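Participant: Quick one: structure below, then a few questions.
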Amino acid sequence: MAEEHKIAVIARIHSDFSTKFGIPRQSGLVPQLQARIIFEPEFRIPEAVRGLEGFSHIWLIWQFSQAVREKWSPTVRPPRLGGNERMGVFATRSPYRPNSIGLSSVRLERVELDPDLGPVLHVSGADLMDGTPIYDIKPYAPYADAHPEARGGFTDQTPRRRLTVDCPLELLELVPPEKREALIGVLAEDPRPAYQDDPGRVYAMTFAGLEIKFTVSQQKLTVCMVAPAGM
C-alpha cells in the first residue's frame, strides 16, 4: 500500500472561471487573465512573503480539486493529440493523476498587504478555476528554471491551434472593459474539447460572472450571446 502524507492548503486563487470549461490548457497562454491569491487565515503572515515582490514570476503548486479520483490510469489521452492517442500519464499534464497536483508558472504583478486578508498576490496568466486550493508558492528563478534548449516531446509535433474571434460590438460591450481582452484571448485558444468539431453546436462557458455562448466553424469562433450567468 502506498505511503500517504497530509498536505495543508495554504491559499486559494480567485479567478474569472467558476467552471472548468474555458480555462486555458496551460498557464501563460492568456497573459491578460488576472487573478488573486488569498492565503488561508493561519498563513496570512506578511513576513512569509518578504522578498517575493522582487520576482517577476512564481510557481504555484495546487490541487486539481475537480478531478480527484480514488483510482488512476497509467495512460491518458492528451487533448493536444486530439484525444485519440494514449500517452503515459507521467508524460502529460493531465489532471487525472495518482496525486491530483498541478504546477503552474504565473506572472506576479504585485503583492498587496490587505488590512483584513493579509498579503494578497495579484497574478496574471493563471490556468486555475476560482477557489482552487494552493499547496505551495515558490519563486521562479530564471537561472535554474529556464531551459531554452528544452525539447517538448509530442507537444513539439502538434501545432498550437488558435481561432479568429468574432464578437459583435453590442455583445462585447456587455463585458466589463478590463475583462474584454482576456475573454478574447481565452476564446482564441479554442475552449472546446479537442475531439469536438461540430459547426452547428452552440457552446457555453462562464467567465467573470457572465455566460458566453459561441459557435465555431473552420478556424472562426463567433460569439452569439453574452448574459449574466444563471439567468
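Participant: Take the residues in region 133-171 that are touching a Leu at 6+ places or on another chain (Cβ under 8 Å) and under 22 Å from Gly22 (Cβ atoms), then tell me which one is surrounded by the fewest Cβ atoms within 10 Å (Cβ to Cβ).
Facilitator: Out of the qualifying residues, it is Thr164.
Let's see how each residue does on (1) assigned to a strand (DSSP E or B); (2) polar (S, T, N, Q):
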| position | (1), (2) |
| --- | --- |
| Leu171 | no, no |
| Leu174 | no, no |
| Glu178 | no, no |
| Val186 | no, no |
| Asp198 | no, no |
| Thr206 | yes, yes |
| Glu211 | yes, no |
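Participant: Please work out which residue is farthest from Val120 (Cα to Cα), limiting yourself to region 55-74 and to residues that are exposed (fewer than 13 other Cβ atoms within 10 Å of the Cβ) and either in contact with a strand residue (DSSP E or B) (Cβ under 8 Å, 6 or more places away or on another chain) or of a type in the set (Ser, Thr, Tyr) (or both).
Facilitator: By that ranking, first place goes to Pro74.
Participant: Next question, about the same structure. How many residues, within region 114-132, are open to solvent by less than 30 Å² (accessible area, probe 1.4 Å), farther than 15 Å from Pro31 by Cα and either at pLDDT below 95 or in a loop (DSSP other than H, G, I, E, B) (or both)?
Facilitator: Of the residues in region 114-132, 3 are open to solvent by less than 30 Å² (accessible area, probe 1.4 Å), farther than 15 Å from Pro31 by Cα and either at pLDDT below 95 or in a loop (DSSP other than H, G, I, E, B) (or both).
Participant: Hey, another quick one. Being closer than 30 Å to Glu85 by Cβ, touching a residue at least 60 places away in the same chain (Cβ under 8 Å) and buried (at least 16 other Cβ atoms within 10 Å of the Cβ) is the requirement here; does Ala194 meet it? Give the derivation first.
Facilitator: Working: closer than 30 Å to Glu85 by Cβ: yes; touching a residue at least 60 places away in the same chain (Cβ under 8 Å): yes; buried (at least 16 other Cβ atoms within 10 Å of the Cβ): yes.
It is true that Ala194 is closer than 30 Å to Glu85 by Cβ, touching a residue at least 60 places away in the same chain (Cβ under 8 Å) and buried (at least 16 other Cβ atoms within 10 Å of the Cβ).
So that you can scan it fast, the table gives a plain yes or no per residue for (1) touching a Ser or Thr at 6+ places or on another chain (Cβ under 6 Å); (2) at pLDDT below 90:
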| site | (1), (2) |
| --- | --- |
| Met1 | no, yes |
| Ile13 | yes, no |
| Gln32 | no, no |
| Trp72 | no, yes |
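The values are calculated or read from the model by the stated rules, or taken from the named source; none is laboratory data. All values derive from a computational prediction rather than experimental measurement. For neighbour counting, all protein chains shown are included, and Cβ atoms are generated from backbone atoms with ideal geometry for every residue, glycine included. The protein model used for the area step is the full one, side chains on, heavy atoms only, and it has no ligands, DNA or RNA in it. Shrake-Rupley method; radii C 1.70, N 1.55, O 1.52, S 1.80 Å.
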